[in-house]
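Read through the structure below, which is laid out as C-alpha cells, and then see the notes.
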Amino acid sequence: MRKEKKEGFFSKKNMISLFIIAVMVLSTAGFILMESASNTSDSTHYKGFSFQRQGNYWLVNIGSQEIEFDYNPYDIESINISKDIIDLLSNTPEIDTTYDFNGSYKQGAALAQYRMNQNLKAKNIYVRVGAAEENIYNLSIITCKDSTPNIPVVFFKESNETKVYKEGSCIIAEANSDIDFIRVGNRLAYSILGVV
C-alpha cells in the first residue's frame, strides 16, 4: 500500500484558491472605492460665493436660492462681456432670447436659453424664450429688431468664434459649438447675478 501524501498549507491547490479569493476581495474593494470617489462633490470658492459640484452641475446659493450652472465661474470668466452689456441686462424686468432654430448648434443655444431662464429667476428677471424664425414648437419669433432698452434681446448666433457684443439694445452672443453656447449663457447669467 501506498502512503497518502499530506499536502501543506502552501500546496498548489491552496495557493490557487487563495489567489482567487484575493482577486475577488481586491475587486470588491476597488469597486467600492471607485463608487465612493465618484459620489463625492467638489467645491470651489469664487469672489465670496461657494460652489458645490453635484453630478454634472455646479450649485451656488445666491440670496436664498440655490442656482444650478453647467460651469463654475473659473471655467467661463475668460469670455469677455463689457460692463455696458451687463448693465443693460441687469436693469430690466425682462430679457428676450432667441437663436437660429435651423442652425447646427440649436441644442446648445436652446439649453443656454433654458439655463438663463432658470438662473435669472433669482433676480426676478423674466426670460422669454423664442427663435429667430418660424419653428415646429411655435416659439415666439424674436429678432434683434424687437429689442428695446426696456426689453433687450439676447441672440445666440452661430459664428466661427465665441464673443459677446452689443448692437443697439440687442446682445449678440456668438459661439461655434453647442458647448460654447452653454458657456456663454452661463457667463451672461453669472454676470447679471453679480458673480463674475
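The values are calculated or read from the model by the stated rules, or taken from the named source; none is laboratory data. Note that the coordinates shown come from a computational prediction; the quantities given were computed from them, not determined experimentally. Neighbour counts run over all protein chains shown; Cβ positions are idealised from the backbone, glycine included.
The figures follow:
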quantity	calculated
Any pair with Cβ under 7 angstrom, 6 or more apart, that starts in segment 129-141 at a residue that is closer than 16 Å to GLY108 by Cβ and ends at one that is among the charged types (D, E, K, R) and in a loop (DSSP other than H, G, I, E, B)	ALA132/ASP100
Condition met for ALA131 (in contact with a Lys or Arg (Cβ under 9 Å, 6 or more places away or on another chain), over 23 Å from TRP58 (Cα atoms) and at pLDDT 95 or above)	yes
Lone unmet requirement of (1) more than 28 Å from VAL60 (Cα to Cα); (2) buried (at least 18 other Cβ atoms within 10 Å of the Cβ) for SER159	(2)
Any hit, segment 177-188, residues being loosely packed, with under 15 Cβ neighbours inside 10 Å and modelled with pLDDT of 95 or more	yes
Sole exception among (1) more than 16 Å from VAL164 (Cβ to Cβ); (2) under 20 Å from the mean Cα position of the chain (by Cα) for ASN102, by number	(2)
Looking only at segment 84-99, and only at residues there that are under 12 Å from ILE192 (Cβ atoms) and exposed (fewer than 14 other Cβ atoms within 10 Å of the Cβ), the one that is modelled with the highest pLDDT	ASP87
Which numbered condition ILE141 misses (of (1) within 19 Å of GLU94 (Cβ to Cβ); (2) β-branched (Val, Ile, Thr); (3) out of contact with any Gly (no Cβ under 9 Å at 6 or more places or on another chain))	(3)
Cβ pairs under 6 Å, 6+ apart, first in segment 42-55 and more than 13 Å from TYR74 (Cβ to Cβ), second surrounded by 14 or more Cβ atoms within 10 Å (Cβ to Cβ)	GLN52/LEU59
Residues of segment 48-74 satisfying the condition of being touching a helix residue (DSSP H, G or I) at 6+ places or on another chain (Cβ under 8 Å) and at pLDDT 95 or above	PHE49, PHE51, ILE67, GLU68, PHE69, ASP70, TYR71, PRO73
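Residue-wise test of (1) more than 30 Å from TYR46 (Cα to Cα); (2) surrounded by 14 or more Cβ atoms within 10 Å (Cβ to Cβ).
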residue	(1), (2)
SER82	no, no
TYR114	no, yes
ASN124	no, no
VAL127	no, yes
ASN150	yes, no
VAL164	no, yes
ILE171	no, yes
